[in-house]
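> Just passing along the structure, written as structure tokens.
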Amino acid sequence: MVIINSTRFDFLDIIEPVTTYTDGYLLSLNLGMPPQVFQVYLDTGSDLTWVPCGTNSSYQCLECGNEHSTSKPIPSFSPSQSSSNMKELCGSRFCVDIHSSDNSHDPCAAVGCAIPSFMSGLCTRPCPPFSYTYGGGALVLGSLAKDIVTLHGSIFGIAILLDVPGFCFGCVGSSIREPIGIAGFGKGILSLPSQLGFLDKGFSHCFLGFRFARNPNFTSSLIMGDLALSAKDDFLFTPMLKSITNPNFYYIGLEGVSIGDGAAIAAPPSLSSIDSEGNGGMIVDTGTTYTHLPDPFYTAILSSLASVILYERSYDLEMRTGFDLCFKIPCTHTPCTQDELPLINFHFLGDVKLTLPKDSCYYAVTAPKNSVVVKCLLFQRMDDEDDVGGANNGPGAVLGSFQMQNVEVVYDMEAGRIGFQPKDCALHS
């Protein structure tokens, strides 16, 4: 395998394996020299790429649940163990971006640089610590660092290892509800595809079904570059919408939802456009697990489903899981895939009808018992207090990663559109 250290090659594509986790999808991030390897969430709803930093026992994650308790140390990046690690400087564009500053001199002023040094761009003090917020009250605290990131690539079909120096990422010492790190794939300058120079082209992913969760032997591909956009004539493309207030999200327009062959339930007009204050539209967010839809539109969908599904409701499981519709499904043979639950279709701008794979809508929340399994609809209500991606005003709906399983999704940045194609991602990896 050839090793190169630049992304400035024509016909270069990045091809990284993606694994299924319990609530999202993970990339392996190789940072430093020699490389230190971390599993991080793939998140199109944010820009910052970060990993836990310090010793394995010093990283603190509050409200991260039993799975990530202090009895199970979280792997952490050690800057001192990387010969290529550097702190990001206060005058860099990445430092200005992470601090959301309108004045590029603010970060250097905050760390005490003299006026002549920061006015001339010669201040060598590090970028001050940052806080970075996510939806649902999640938060990380850390500092910016630069190091080599090693990726798997391909030039004319020849496999290569790509060492990219100077990759800027967050070295995080503590967090709330964010235990293992994130690879930011948004449209901002800090995002991984932006730093690698692929946001002028595009990328794609094809997520495995959640039945492969925690199974490292099964992966699918994340592709960045021309290869992600090739041979997509049979895809269903819908235009990306633009937001002045939240320009880094991937917005699309949702016009309605239909159940089976029924007529579409019209979405509110706000879901197919974005107003001047940044409200409306639907974002494609792999960092959110379930699709969120607003009321009364969401309630109308639930009512339509309840009227056509003849299985007995499981009100007990609805109470215990928090999901809105759960049904008792006869199951004589595992994996209990044979049922009469209806298909769900999304209708996007551009006369696009995306029929979701059934496993992307319903999930068995119990094991079979007495030849019955309980399956729930894995959609959720978009509450008024939802704070998607840390944005104060914003998206009217969210397309989550669970509904993207077994659907190849193409982010065509050249043409300003997003494409969908249902397929078995386990067979096309």
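> How much area per residue is accessible in the chain when the probe is 1.4 Å and only protein heavy atoms are counted (Å²)?
That works out to 45 Å² per residue.
> Related question: Past 20 Å, Cα to Cα: identify those pairs from Lys146/Lys201; Lys201/Lys423; Lys353/Lys423; Lys353/Lys375; Lys187/Lys423, in the order given.
Those over the limit are Lys146/Lys201; Lys201/Lys423; Lys353/Lys375; Lys187/Lys423.
> Another question about this same structure. If I ignore ligands, DNA and RNA and count only protein heavy atoms, how much of Val37 is accessible to a 1.4 Å probe, in Å² to the nearest 10?
80 Å²
> When the solvent-accessible surface of protein heavy atoms is calculated with a 1.4 angstrom probe, in what order do Phe346, Phe323 fall, highest first?
Values: Phe346 0, Phe323 30 Å².
If we order Phe346, Phe323 from most to least accessible, we get Phe323, Phe346.
> Would you calculate the separation in nanometres between label points at Ser58 and Ala264, each defined as 7 Å from the Cα along the Cα-to-beta-carbon direction?
With each label point 7 Å from Cα toward Cβ, the separation is 5.4 nm.
> So, one more: May I ask you to compute the full-extension gain from Thr245 to Thr124, defined as 0.36 nm times their residue separation minus their alpha-carbon distance, rounded to one decimal in nm?
40.4 nm
> Could you put Glu255, Glu16, Glu312 in order of accessible surface area, largest first, with the 1.4 Å probe and the full protein assembly present?
Heavy-atom accessible area, descending, gives Glu312, Glu255, Glu16.
> Something else now. Tell me the carbon and sulfur percent of the accessible area for the stretch 231-422, rounded to whole percent, probe radius 1.4 Å.
49 percent
> With each pseudo-label sitting 7 Å past Cα toward Cβ, what's the Met86-Thr334 distance in nm, one decimal?
Placing both labels 7 Å along Cα→Cβ, they lie 5.4 nm apart.
> Which cross-chain or sequence-distant (5 or more) residues have an amide H under 5 Å from the amide H of Ser46, H modelled 1.01 Å from N in plane?
Here the answer is Phe185, Gly186, since their amide H atoms fall under 5 Å of that of Ser46.
> If you don't mind, there's one more thing I want to ask. What is the chain by shape, rounded, prolate or oblate, if you read a ≥ b ≥ c off the alpha carbon gyration tensor as root eigenvalues and call it rounded for a/c under 1.5, prolate for a/b larger than b/c, and oblate otherwise?
Since a/c reaches 1.5 and a/b is larger than b/c, the shape of the chain is classed as prolate.
> With a 1.4 Å probe and all protein chains kept in place, how much accessible area does Arg214 have, in Å² rounded to the nearest 10?
Arg214 exposes around 130 Å² with every protein chain in place.
> HN-Hα J couplings of the stretch 92-98 from phi, Karplus 6.51/-1.76/1.60, θ = phi - 60°, integer Hz, Gly and Pro as x?
6, 5, 5, 5, 4, 5, 5
> Related question: Output the lone cysteines of the chain: those with no second cysteine's C-beta under 4.7 Å from their C-beta.
Those would be Cys168, Cys361, since no other cysteine Cβ in the chain comes under 4.7 Å of theirs.
> When only the heavy atoms of the protein chains count and the probe is 1.4 Å, how do Ile223, Ile418, Ile158 rank by accessible area, highest first?
Result of the area sort, largest leading: Ile158, Ile223, Ile418.
> Let me ask another. To the nearest 10 degrees, how steeply does helix 297-308 sit against the main Cα axis of the chain, on a 0 to 90 scale?
Its long axis makes an angle of about 40 degrees.
> When the Cα centres of the stretch 208-228 and the stretch 256-325 are compared, how far apart do they sit, in Å?
Computed from Cα coordinates, the inter-centre distance equals 26 Å.
> Still on this structure, I have one more. Run the numbers for Lys369 and Ser100: contour at 0.36 nm per residue of separation, minus the present Cα-Cα distance, in nm.
The span from Lys369 to Ser100 would gain 91.5 nm if fully extended.
> Turning to a different aspect of this structure: Given a Förster radius of 30 Å and the C-beta distance between Asp275 and Leu302 as r, what FRET efficiency does 1/(1 + (r/R0)^6) yield to the nearest 0.05?
0.65
> Given the whole protein assembly as supplied and a 1.4 Å probe, what does the accessible area of Leu122 come to in Å², nearest 10?
So the heavy atoms of Leu122 present about 130 Å² to solvent.
The values are calculated or read from the model by the stated rules, or taken from the named source; none is laboratory data. Given the structure is predicted, the values throughout are model-derived calculations rather than measurements. Neighbour counts run over all protein chains shown; Cβ positions are idealised from the backbone, glycine included. Surface accessibility is based on the protein's heavy atoms, side chains included, excluding ligands, DNA and RNA. Shrake-Rupley method; radii C 1.70, N 1.55, O 1.52, S 1.80 Å.
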